[in-house]
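K.L.:
Would you mind keeping the following structure in view while I ask a few things?
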Amino acid sequence: MNASAWHQFIFTGGLGVAVAGLTTYIIAWMLVAVHLRDHHPAEHARLGGFLFAPRAFGWYLGAGWRRLRDRGLNALALLGSIGAWGIAIGTVSAVVVKLLASGGIGA
């Protein structure tokens, strides 16, 4: 494969990982939000109800749910953390490869 094909492959792969992460994150957030509302109302209020609030996204990236020591929440929130990392890594890889391709690096 030439460099252009590699750029396109990695760009498309990065977008795929980001979309898969987004899907996982959205589904997990709905389940985690209900669990937090029912079992940890103070944490639910601290994070807010918005899906992409920076505090909630950071809570998943930093595995903040572990501090609550709730086994039921751990099972749900782990999927959300995987999804959040998928969004972050997929987006970063797609942007970096696009910037490298537009700068003529590797072409």
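The values are calculated or read from the model by the stated rules, or taken from the named source; none is laboratory data. Since this is a predicted model, take the numbers as computed values, not measurements. When we count neighbours, we look across all protein chains shown, and the Cβ atoms used for this are built from the backbone with ideal geometry, even at glycine.
K.L.:
Just the residues that are under 14 Å from the mean Cα position of the chain (by Cα) and among the polar types (S, T, N, Q), please, taken from region 61-107.
P.N.:
Those that are under 14 Å from the mean Cα position of the chain (by Cα) and among the polar types (S, T, N, Q): 81, 91, 93.
K.L.:
Next up: Please go through region 70-97 and give me each residue that is within 12 Å of residue 7 (Cβ to Cβ) and either buried (at least 16 other Cβ atoms within 10 Å of the Cβ) or modelled with pLDDT of 95 or more (or both), ordered by number.
P.N.:
Scanning region 70-97 gives 93, 94, 97.
K.L.:
While we're here: Which one of these is of a type outside the set (D, E, K, R), touching a helix residue (DSSP H, G or I) at 6+ places or on another chain (Cβ under 6 Å), part of a helix (DSSP H, G or I) and without any contact (Cβ under 8 Å) to a residue 12 or more places away in the chain: 44, 7, 35? Let's see the steps before the verdict.
P.N.:
Working: 7 fails: without any contact (Cβ under 8 Å) to a residue 12 or more places away in the chain; 35 fails: without any contact (Cβ under 8 Å) to a residue 12 or more places away in the chain.
Answer to the selection: 44.
K.L.:
Further question: Determine, yes or no, whether residue 57 is crowded, with 18+ Cβ neighbours inside 10 Å and either under 29 Å from residue 100 (Cα atoms) or of a type outside the set (A, V, I, L, M) (or both).
P.N.:
Numbers: crowded, with 18+ Cβ neighbours inside 10 Å: yes; either under 29 Å from residue 100 (Cα atoms) or of a type outside the set (A, V, I, L, M) (or both): yes.
In short, yes.
K.L.:
Would you confirm whether any residue within region 33-47 is among the hydrophobic types (A, V, I, L, M, F, W, C) and on the phi > 0 side of the Ramachandran plot? Reasoning before the result, please.
P.N.:
Narrowing region 33-47 to residues among the hydrophobic types (A, V, I, L, M, F, W, C): 33-34, 36, 42, 45, 47.
Next, from what is left, pick out any that are on the phi > 0 side of the Ramachandran plot: none.
No, every residue in region 33-47 fails to be among the hydrophobic types (A, V, I, L, M, F, W, C) and on the phi > 0 side of the Ramachandran plot.
K.L.:
Identify, please: which residue in region 7-35 is over 15 Å from residue 82 (Cα atoms) and polar (S, T, N, Q) and is, among those, surrounded by the most Cβ atoms within 10 Å (Cβ to Cβ)?
P.N.:
Ranking the qualifying residues of region 7-35, first place goes to 8.
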